[in-house]
Amino acid sequence: MEIILKNGSSSAKIISKGAELKSYIADGKELMWCADEKYWGKTSPFLFPMIGNLRNGKTLINGKEYAISKHGFARDNEFEAEKLSENTAVFSFSANDETLKSYPFDFKIAITYTLNENNLEITYNVTNNSDGYMPYCIGGHPAFACDKPFDSYKLVFEQNETVNSPVMNLETRMWGDNDRVGRLADSREFPLEYSLFDNDCVYFDTIKSKSCSLISENEGVKVSWTGFETLGVWTPDHKNAPFVCIEPWCGCDDYDTDSGIFTEKRGIQITRAGETKNYSIKIERI
């Protein structure tokens, strides 16, 4: 099932599988990647309750071992979809017998898309319906089309940042906590080139900014977020793909120094019984 939102000359298309945004046309220009299987068959998957990889694909929850797939299971499940108005739709997904096999918590997720005149806002509400505490990771993975030469693009952050990013070990699929590369030194601008992604994602794990713009020749897209703590930036390695993902996260792949206990993961979110936590991402053309 797909839902199309409209507001003036802008439109957005969201499918019920994974509540995934597939298109956002702002003032006649498509901002999103088209999900060409040659490079990457998705556009904007929702990541829950895991981001990236666990050590050997497994983790300990309440002393018991569970296997949670890369980026979690939410992106591969059907959400219930309801169009509330011409420019608003809500998608929901709750725990079931299958999710409990890998993630032993009773949850409900509600994702609301609101197409405003000048932006698309996505809000995520995560409710803990379990009796005790519920840990989880959560993140967005929107891919933005690059219709100009890739090395003409740069990321411009909301404020000056100094970041030394961990490097992904491609054999273990974990971050090297003591193997870091300088990315930003009291700067807002991060020029892009394909070689930056030879070791997978560029991870800004100490970022302060709450917005980031992808710009080439003074135009592009701005992504703003609330609730999320870190930022992943990704394009497939060695493919020269015409898109880049700007990914606000809470949580990430395991680090090589992590304990393997889910509640001790960096960026892990923990809710009390009956509690709802809120997050949002806003996308706008610039």
Could you look through region 220-229, keep only residues that are outside any loop (DSSP other than H, G, I, E, B) and of a type outside the set (A, V, I, L, M), and pick out the one that is farthest from Thr206 (Cα to Cα)? Gly220
In region 20-54, residue farthest from Pro236 (Cα to Cα) [restricted to those that are among the aromatic types (Phe, Trp, Tyr) and touching a Gly at 6+ places or on another chain (Cβ under 8 Å)]: Phe48
Looking at region 1-24, I want the residues that are in contact (Cβ under 8 Å) with a residue 60 or more places away in the chain and on the phi < 0 side of the Ramachandran plot and have a partner that is among the polar types (S, T, N, Q) and crowded, with 22+ Cβ neighbours inside 10 Å with Cβ atoms under 7 Å, at least 6 apart or on another chain. Which pairs are those? Leu21/Thr43; Leu21/Ser44
Going by the structure shown, is Ser213 surrounded by 16 or more Cβ atoms within 10 Å (Cβ to Cβ), outside any loop (DSSP other than H, G, I, E, B), at pLDDT 95 or above and over 12 Å from the mean Cα position of the chain (by Cα)? yes
Within region 230-286, considering residues that are part of a strand (DSSP E or B) and acidic (Asp, Glu), the one nearest to Leu155 (Cα to Cα): Glu247
What about Leu192, is it out of contact with any Asp or Glu (no Cβ under 7 Å at 6 or more places or on another chain), at pLDDT 95 or above and either surrounded by 16 or more Cβ atoms within 10 Å (Cβ to Cβ) or within 27 Å of Glu37 (Cα to Cα) (or both)? no
Residue in region 242-286 that is surrounded by the fewest Cβ atoms within 10 Å (Cβ to Cβ), counting only those that are under 24 Å from Tyr39 (Cα atoms) and in contact with a Gly (Cβ under 6 Å, 6 or more places away or on another chain): Trp249
Can you find, within region 153-187, the residue that is nearest to Asp198 (Cα to Cα) among those that are of a type in the set (Phe, Trp, Tyr) and assigned to a strand (DSSP E or B)? Trp175
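In this structure, does Lys83 turn out to be surrounded by fewer than 16 Cβ atoms within 10 Å (Cβ to Cβ), over 21 Å from the mean Cα position of the chain (by Cα) and either hydrophobic (A, V, I, L, M, F, W, C) or not in a loop (DSSP other than H, G, I, E, B) (or both)?
Spelling it out, Lys83 is indeed surrounded by fewer than 16 Cβ atoms within 10 Å (Cβ to Cβ), over 21 Å from the mean Cα position of the chain (by Cα) and either hydrophobic (A, V, I, L, M, F, W, C) or not in a loop (DSSP other than H, G, I, E, B) (or both).
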Within region 86-128, track down each residue that is farther than 26 Å from Glu30 by Cα, in a loop (DSSP other than H, G, I, E, B) and of a type in the set (D, E, K, R). Asp106
What do you reckon, is Ile261 more than 20 Å from Trp175 (Cα to Cα) and touching a strand residue (DSSP E or B) at 6+ places or on another chain (Cβ under 8 Å)? no
Considering region 35-71 alone, what residues qualify as being under 30 Å from Ser11 (Cβ atoms) and under 17 Å from the mean Cα position of the chain (by Cα)? Ala35, Trp40, Gly41, Lys42, Thr43, Ser44, Pro45, Phe46, Leu47, Phe48, Ile51, His71
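Considering only residues that are closer than 24 Å to Gly274 by Cβ and either in contact with a strand residue (DSSP E or B) (Cβ under 7 Å, 6 or more places away or on another chain) or surrounded by fewer than 17 Cβ atoms within 10 Å (Cβ to Cβ) (or both), which ones fall in region 86-100?
Val90, Phe91, Ser92, Phe93, Ser94, Ala95, Asn96, Asp97, Glu98, Leu100
The values are calculated or read from the model by the stated rules, or taken from the named source; none is laboratory data. If you're wondering where the values come from, they're calculated on a predicted model, not measured in any experiment. Note that each Cβ is placed from the backbone with ideal geometry, even for glycine, and that neighbours are counted across all protein chains shown.
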